[in-house]
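The values are calculated or read from the model by the stated rules, or taken from the named source; none is laboratory data. Note that the coordinates shown come from a computational prediction; the quantities given were computed from them, not determined experimentally. Quick reminder, even Gly has a Cβ in these numbers, built from the backbone with ideal geometry, and neighbours come from all protein chains shown.
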Amino acid sequence: MTPSLATRRPAIAFEDVSLAYGNRAVISELSFSVASGEIACVIGPSGCGKTTALRMAAGLVRPASGNVAVLGKSLAGPRRDVAIVFQDYGKALLPWRTARGNVSLALEAIGIPARERADMIDPLLAKVGLASHADKYPTEMSGGMQQRLQIARCLAQKPDVILMDEPFGALDAMTRQGLQDEMLSIVAETGTTVFFVTHDIEEAIYLGDKVIGLLPNPGRIGQVFDIGLPRPRNQLTTREMPEFLALRRALFDFIEKAEQ
Ligand SMILES: Nc1ncnc2c1ncn2[C@@H]1O[C@H](COP(=O)(O)OP(=O)(O)OP(=O)(O)O)[C@@H](O)[C@H]1O
Ligand SMILES: [Mg+2]
């Protein structure tokens, strides 16, 4: 029997984390955990500290007080088993490298020899639907393709945890839904833990096992919503379920109050 999400060890744990920039408190006593294999989405008004929390989980920003632990260890800096997908795919990719070359970069960084790299890259590109675009440069690809490429590069790291900061925010609705489903199937296959920041309430519910709602000034927990919707999720039927609609209303009310 697989253990329920609630009983699995946390992959990400924030304990009483606080941070200030200058004399302005940005995050205050933030505590939450994300179980191994869980998808936790984070929503909250602009400026409430979502990206800051993600950068802390990445080991890029140290808390002033409290503790951030990933995979059971307090973070001292970035880790190779934690990958980050940025919103701005244009800046995240190397323009002078092809799709294959960009994925290769992640493998080079972890010291995989050239002849082994070749065998690993094409299956990764195939997994994100870019098999026939391996020799294209990022500028020759659409936004959705570039974001797929960034995801392939992250997967090359074989991460246990993926941190995503509004990764689909700049994409049109159809491309966005396609990538949501690809991400869900990859995560279901690999058991990767996902920390997913989004502005989109429906995206948070559709993807998440739980949604962490943050309040601003300073950034802190407002409410954590458990998303008990069955998996696999479906863009039509899941979004039509009464439970989905009830959650949509609850999150909408939460954001509306948080922005006041
Ligand atoms: N390096 C920095 N120096 C000073 N202030 C910062 C820095 N980074 C973030 N902030 C401030 O911290 C607060 C939280 O920023 P953060 O980027 O985490 O918000 P966010 O929730 O991701 O917002 P958005 O939804 O607009 O992306 C903001 O008020 C921001 O101005
Ligand atoms: Mg942000």
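Structure notes:
- Exclusive hit being farther than 10 Å from Arg220 by Cβ, in a loop (DSSP other than H, G, I, E, B) and within 13 Å of ligand 1 (Cβ to nearest atom), set Gly37, Gly47: Gly47
A quick yes/no check of all residues on (1) in the same structural domain as Ala170 (by TED's automatic domain parsing); (2) more than 20 Å from the chain's Cα centre (by Cα); (3) basic (Lys, Arg); (4) in a strand (DSSP E or B):
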{"position": "Ala53", "(1), (2), (3), (4)": "yes, no, no, no"}
{"position": "Met56", "(1), (2), (3), (4)": "yes, no, no, no"}
{"position": "Val61", "(1), (2), (3), (4)": "yes, no, no, no"}
{"position": "Gly66", "(1), (2), (3), (4)": "yes, yes, no, yes"}
{"position": "Gln87", "(1), (2), (3), (4)": "no, no, no, no"}
{"position": "Gly111", "(1), (2), (3), (4)": "no, yes, no, no"}
{"position": "Pro123", "(1), (2), (3), (4)": "no, yes, no, no"}
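- Scanning the range 66-87 for residues that are within 16 Å of ligand 1 (Cβ to nearest atom) and closer than 10 Å to Ala13 by Cβ yields a total of 1.
- Count of residues meeting criterion [touching a residue at least 40 places away in the same chain (Cβ under 8 Å) and among the charged types (D, E, K, R)] in the range 201-246: 7
- When restricted to residues that are among the aliphatic types (A, V, I, L, M) and surrounded by fewer than 20 Cβ atoms within 10 Å (Cβ to Cβ), the range 184-204 contains 4.
To keep it simple, each residue is scored yes or no on (1) more than 30 Å from Gly129 (Cα to Cα); (2) within 16 Å of ligand 2 (Cβ to nearest atom); (3) of a type outside the set (Asp, Glu).
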{"site": "Ala11", "(1), (2), (3)": "no, no, yes"}
{"site": "Ser18", "(1), (2), (3)": "yes, no, yes"}
{"site": "Leu30", "(1), (2), (3)": "yes, yes, yes"}
{"site": "Ala57", "(1), (2), (3)": "no, yes, yes"}
{"site": "Pro63", "(1), (2), (3)": "yes, no, yes"}
{"site": "Ala76", "(1), (2), (3)": "yes, no, yes"}
{"site": "Phe86", "(1), (2), (3)": "no, yes, yes"}
{"site": "Tyr89", "(1), (2), (3)": "no, yes, yes"}
{"site": "Ala92", "(1), (2), (3)": "no, yes, yes"}
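- Extreme residue, surrounded by the most Cβ atoms within 10 Å (Cβ to Cβ), among residues of the range 34-61 that are touching a strand residue (DSSP E or B) at 6+ places or on another chain (Cβ under 8 Å) and without any contact (Cβ under 8 Å) to a residue 60 or more places away in the chain: Met56
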